[in-house]
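Below: the structure, in structure tokens.
The values are calculated or read from the model by the stated rules, or taken from the named source; none is laboratory data. What you are looking at is a predicted structure, and each value in this text was computed from that prediction instead of being measured. As a convention, Cβ positions derive from the backbone with ideal geometry for all residues, glycine included, and neighbour counts pool all protein chains shown.
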């Protein structure tokens, strides 16, 4: 497995889609030296977007987190979140009633944009849930894991409503060696328990890449061969990019560790076009 410098790879493209966690940042904050990467991209007039399954906060709030840490070039217009697709689905398919959600109050931004009444699963009373017409999985915080996951299972037993997963990530890195369960992992468990088919948005679904591609075309009209997807997870970032038909680069700064990368690529059959240590240049 050849490991290539990210600068050499990036210079071949006009637009780059970055995953966020494990690529630009980790549990400690932004990767040290990440500002040099964006200086490099700006110098070469390479456009960039953060294409993330993070539906925990609005694009504006996600961008503010980068800006507060000194990465001022990542504003809200450069954030493409799976939560944006969930918003579009609700706008088109859920016309009335309320929406229950699993997550924090900040993550409910994506639901409130539609104008529907929203209620945290933590506050939901199963004895009076007849007006709940959808359930959305947004974030792995903001609820009691013991009580509220049971409540979700019983809500879906009582109400024949769509269950929407705005973040399909099953886990995310919290240190160089450990991961935590993400909301997509919770959704997978509830889906298996209830036997229901959930509606899922985010990588690796091609719809996420279509949405990102359309968004990027407003600034630069480029073909797929000029776009690179960069991520740390084979089953979401790399598989999704491959399915959409754009080149992909796996980085070893997050979910995929250097010692197991070659074995994972072989075992899954998900083959990136490039493997880089990280996106930090220099």
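Provide a single number: the residues in region 12-29 that are closer than 17 Å to residue 42 by Cβ and part of a strand (DSSP E or B). Explain how you work it out, then say what you get.
First, the residues of region 12-29 that are closer than 17 Å to residue 42 by Cβ: 12-18, 24.
From what's left, part of a strand (DSSP E or B): 15-18.
Total satisfying the criteria: 4.
If a residue must be modelled with pLDDT of 95 or more, under 21 Å from residue 110 (Cα atoms) and either out of contact with any strand residue (DSSP E or B) (no Cβ under 6 Å at 6 or more places or on another chain) or surrounded by 20 or more Cβ atoms within 10 Å (Cβ to Cβ) (or both), how many such residues does region 157-184 contain?
Restricting attention to region 157-184, the residues satisfying the condition of being modelled with pLDDT of 95 or more are 157-165.
Still in the list and also under 21 Å from residue 110 (Cα atoms): 161-165.
Checking which are either out of contact with any strand residue (DSSP E or B) (no Cβ under 6 Å at 6 or more places or on another chain) or surrounded by 20 or more Cβ atoms within 10 Å (Cβ to Cβ) (or both) leaves us with 163-165.
Residues in region 157-184 being modelled with pLDDT of 95 or more, under 21 Å from residue 110 (Cα atoms) and either out of contact with any strand residue (DSSP E or B) (no Cβ under 6 Å at 6 or more places or on another chain) or surrounded by 20 or more Cβ atoms within 10 Å (Cβ to Cβ) (or both): 3 in total.
Out of the residues in region 43-74 that are under 21 Å from residue 166 (Cα atoms) and part of a loop (DSSP other than H, G, I, E, B), which is nearest to the chain's Cα centre (by Cα)? Walk me through it before giving the result.
Going through region 43-74, the residues under 21 Å from residue 166 (Cα atoms) turn out to be 49-65.
Right, trim to part of a loop (DSSP other than H, G, I, E, B) and you get 53-58.
On the way: 53: 1, 54: 4, 55: 7, 56: 10, 57: 11, 58: 12 Å.
If we take residues in region 43-74 being under 21 Å from residue 166 (Cα atoms) and part of a loop (DSSP other than H, G, I, E, B), then 53 is nearest to the chain's Cα centre (by Cα).
Could you list all residues from region 121-142 that are surrounded by 17 or more Cβ atoms within 10 Å (Cβ to Cβ) and touching a strand residue (DSSP E or B) at 6+ places or on another chain (Cβ under 6 Å)?
121, 124, 132, 134, 135, 136, 137, 138
Pick from region 1-11 the residues that are part of a loop (DSSP other than H, G, I, E, B) and in contact with a helix residue (DSSP H, G or I) (Cβ under 9 Å, 6 or more places away or on another chain): which of them is nearest to residue 267 (Cα to Cα)?
Taking region 1-11 and keeping what is part of a loop (DSSP other than H, G, I, E, B), we get 1-5, 11.
Now narrow it down to the ones that are in contact with a helix residue (DSSP H, G or I) (Cβ under 9 Å, 6 or more places away or on another chain): 1, 3, 11.
Numbers: 1: 14, 3: 19, 11: 30 Å.
Checking each candidate, the answer is 1.
Can you tell me which residue within region 14-35, out of those that are touching a helix residue (DSSP H, G or I) at 6+ places or on another chain (Cβ under 9 Å) and more than 18 Å from residue 57 (Cα to Cα), is surrounded by the fewest Cβ atoms within 10 Å (Cβ to Cβ)?
14
Within the set of pairs 6+ apart or on separate chains, which have a first residue in region 36-48 that is surrounded by fewer than 14 Cβ atoms within 10 Å (Cβ to Cβ), a second that is modelled with pLDDT of 95 or more and outside any loop (DSSP other than H, G, I, E, B), and C-beta atoms under 8 Å apart?
Filtered contacts from region 36-48: 44/10.
Residues that are under 20 Å from the mean Cα position of the chain (by Cα) and outside any helix (DSSP H, G or I): does region 115-127 have at least one?
no
Please tell me if residue 248 is closer than 25 Å to residue 48 by Cα, modelled with pLDDT under 95 and buried (at least 22 other Cβ atoms within 10 Å of the Cβ). Explain how you work it out, then say what you get.
Working: closer than 25 Å to residue 48 by Cα: yes; modelled with pLDDT under 95: no; buried (at least 22 other Cβ atoms within 10 Å of the Cβ): yes.
Spelling it out, it is not the case that residue 248 is closer than 25 Å to residue 48 by Cα, modelled with pLDDT under 95 and buried (at least 22 other Cβ atoms within 10 Å of the Cβ).
Residue by residue through region 191-214, note down the ones that are crowded, with 23+ Cβ neighbours inside 10 Å and out of contact with any strand residue (DSSP E or B) (no Cβ under 9 Å at 6 or more places or on another chain).
204
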